[in-house]
Every structure is written in structure tokens, then in C-alpha cells.
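The values are calculated or read from the model by the stated rules, or taken from the named source; none is laboratory data. Quantities reported herein were computed from a predicted structural model and do not represent experimental measurements. Backbone-built Cβ (ideal geometry, glycine too); neighbour counts: all protein chains shown.
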Amino acid sequence: MRPMSIVIIAKNEELVLGRTLKSLRNISDDIVVADTGSTDGTINTARKNGARAETLIWQGFGPTKNAALQLAKYDWVLFLDADEAIDATLFSFLENVSLDDEHILYKIKFKNYFGKQLIRYGEWGTESKIKFFNKKIACWDNTNVHEKVIAPPGTNIKTAEGFILHELIDNITGYIQKISSYADLVAKKYFQQGKKASWFKLYIYPFYQFFFFYIIKLGLLDGRIGFITSYVSAYYSFLKYHRLKELSL
């Protein structure tokens, strides 16, 4: 096993966590599930699949991830969400990648799914995020939503081989509820930053978002799923700026 830790933030993720943990089997002896208040079987699922379950108080995405980072036994850490399994190619990459240069951050590509259908185009067709890094060099910023990995100048970002397999949408109702809560958080973040909801952002930008993801980013090639994901992206933009306007009144 490699001297790396795998950290997963989870809350009420019993139904998806097992699949993720099974994809990680035998790659690390330090898999940490940082539970933020589950009332289902998330903790039991973690332990049954060989993970170490720890309890954290939810402080927002960035601060909570930084707290979870401190639970990792090793300096090299792979961060995953509970519904983010890894494919065989990424598993092999993690088994063989050199861990000598702590100044490298690894970006990992996603395969996002709507149910069982792979989303090939639009906003979610080419997603990638920095997910694997050395905690002596990098950490998360302290924003409550849309958190990012931050590192000092001189670090090098590389792309890992393989993919994270992400069940982005299992049912449309649940996904809309999720983006609604994200819209609230982002609106509060923008308000604290002094941003304003301009007429363009309120009334034109959502239509532009739909056009960009459905036409420019070829979401239409995903058929019905492409229309839905492009519409939801536009709706998210509509929600966050209208809620920002409400906060500004």
C-alpha cells in the first residue's frame, strides 16, 4: 500500500459510500471518512469497508475540508466526495506515481453520470479538479462554498491518468434541491464580498449560461440529458443572483 491518505467528507451517504470505498480497496491503509452528522448508516458502512470513521463539526466546505485534512496520517492526500469512486486507470496511477516531489498538485478528470448515462458534453462533460496533493504544501481556502486548493508559488499542476466516477444526478428533484442550497451559500458569499446582482446577471446571464453549455459546449449532443443539465446550470445562475438581490434589499 502507498504512503498516502484518502479523505472523504460525508453526511448521510450510506447508499453511495460503499461503492466508493470498494474502488479504493488495498491502495491505502489510511482511508478516513470524516462524518459531519449522519443519521443513517454512513459510519457503519465506512467501518465495514475498512475506513476510519471520524466525526467533525460542519463549518462550511473549505474549513471542514481543512479540519479533515489534519486527520490524514500521511502527507499525500487524495480528497474525494462520498459518491466519487475511482476507475481502474486512476487506481493504477495512484499505485505507481512518484511521491518524491511534494510541490506537484494533481488534477483529476471526472466522468459525471446522470443516472447510468455518461454526460459527455456541456458543463459536466470536461470537469477536472485538483484532488491529490501534499498537505505540507497545499490546503483548501476557507470559503464556505466553491472551495479551492491553494498552494504557494512554484507548485506544478499535473493531470493524473484515469477518472473519478461521479454520480452527479441520480434524481432531478434531489439535484435541484442541492443546487438551491448551493445558490443560498453562494449568494451569501457574494454578499459578504460586496458583489451586486446587476440587471445583466439577473435577467441575461442565465440565458447565456444555457446557450453556452447547450450550444457552445455541445450539450445538445447528450440529447434529453444535455438539455436538462444545461437548463439546471442556467437555473442555478438565476437562483444565486436573485437571492443575492434579496440579501441586498
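If I filter the range 61-110 down to residues being touching a Phe, Trp or Tyr at 6+ places or on another chain (Cβ under 9 Å) and polar (S, T, N, Q), which single residue comes out as nearest to Lys189 (Cα to Cα)?
Looking at residues that are touching a Phe, Trp or Tyr at 6+ places or on another chain (Cβ under 9 Å) and polar (S, T, N, Q), I get Thr64.
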query = Would a scan of the range 182-192 turn up a residue that is among the β-branched types (Val, Ile, Thr), outside the structural domain of Asn96 (by TED's automatic domain parsing) and at negative phi?
reply = yes
request  = Just name the residue that is nearest to the chain's Cα centre (by Cα) out of those in the range 106-126 that are outside any strand (DSSP E or B) and buried (at least 19 other Cβ atoms within 10 Å of the Cβ).
outcome  = Trp124
ask   = For Val149, are the conditions met, namely being modelled with pLDDT under 95 and under 14 Å from the mean Cα position of the chain (by Cα)?
value = no
ask   = What about Ser230, is it touching a Pro at 6+ places or on another chain (Cβ under 8 Å) and either under 23 Å from Tyr121 (Cα atoms) or of a type in the set (Phe, Trp, Tyr) (or both)?
value = no
inquiry  = If I filter the range 1-16 down to residues being under 18 Å from Val77 (Cβ atoms) and aliphatic (A, V, I, L, M), which single residue comes out as modelled with the lowest pLDDT?
reply    = Met1
request  = Say whether the condition of being farther than 30 Å from Ile215 by Cβ, surrounded by fewer than 17 Cβ atoms within 10 Å (Cβ to Cβ), polar (S, T, N, Q) and not assigned by TED's automatic domain parsing to the domain that holds Gly226 is met by at least one residue in the range 67-83.
outcome  = yes
ask   = So which residues in the range 2-16 are among the aliphatic types (A, V, I, L, M) and either farther than 17 Å from Ala88 by Cα or over 17 Å from the mean Cα position of the chain (by Cα) (or both)?
value = Met4, Val7, Ile8, Ile9, Ala10, Leu15, Val16
task = Being aliphatic (A, V, I, L, M) and exposed (fewer than 14 other Cβ atoms within 10 Å of the Cβ) is the filter here, so list the residues in the range 199-246 that pass it.
result = Ile204, Ile215, Ile216, Leu221
Of residues in the range 161-179 being at pLDDT 95 or above and over 16 Å from the mean Cα position of the chain (by Cα), the one surrounded by the most Cβ atoms within 10 Å (Cβ to Cβ) = Gly162
key: Of all residues making up the range 133-143, the number that are in contact (Cβ under 8 Å) with a residue 60 or more places away in the chain and either buried (at least 17 other Cβ atoms within 10 Å of the Cβ) or not assigned by TED's automatic domain parsing to the domain that holds Phe61 (or both)   = 4
ask   = When you go through (1) more than 17 Å from the chain's Cα centre (by Cα); (2) surrounded by fewer than 18 Cβ atoms within 10 Å (Cβ to Cβ) one by one for Arg19, which number turns out not to apply?
value = (1)
request  = Collect the residues in the range 207-223 that are closer than 25 Å to Gly115 by Cα, assigned to a helix (DSSP H, G or I) and out of contact with any strand residue (DSSP E or B) (no Cβ under 9 Å at 6 or more places or on another chain), keeping them in residue-number order.
outcome  = Gln209, Phe210, Phe211, Phe212, Phe213, Tyr214, Ile215, Ile216, Gly219, Leu220, Leu221
note = Among the residues of the range 88-146, the number that are among the small types (Gly, Ala, Ser) and at pLDDT below 95 is 1
request  = Quick one: in the range 186-198, of everything that is surrounded by fewer than 14 Cβ atoms within 10 Å (Cβ to Cβ) and not small (Gly, Ala, Ser), which residue is farthest from Asn144 (Cα to Cα)?
outcome  = Lys196
query = Here are Ala234, Ala187, Ala197: which of them is in contact (Cβ under 8 Å) with a residue 24 or more places away in the chain, among the small types (Gly, Ala, Ser) and closer than 23 Å to Thr64 by Cβ?
reply = Ala187
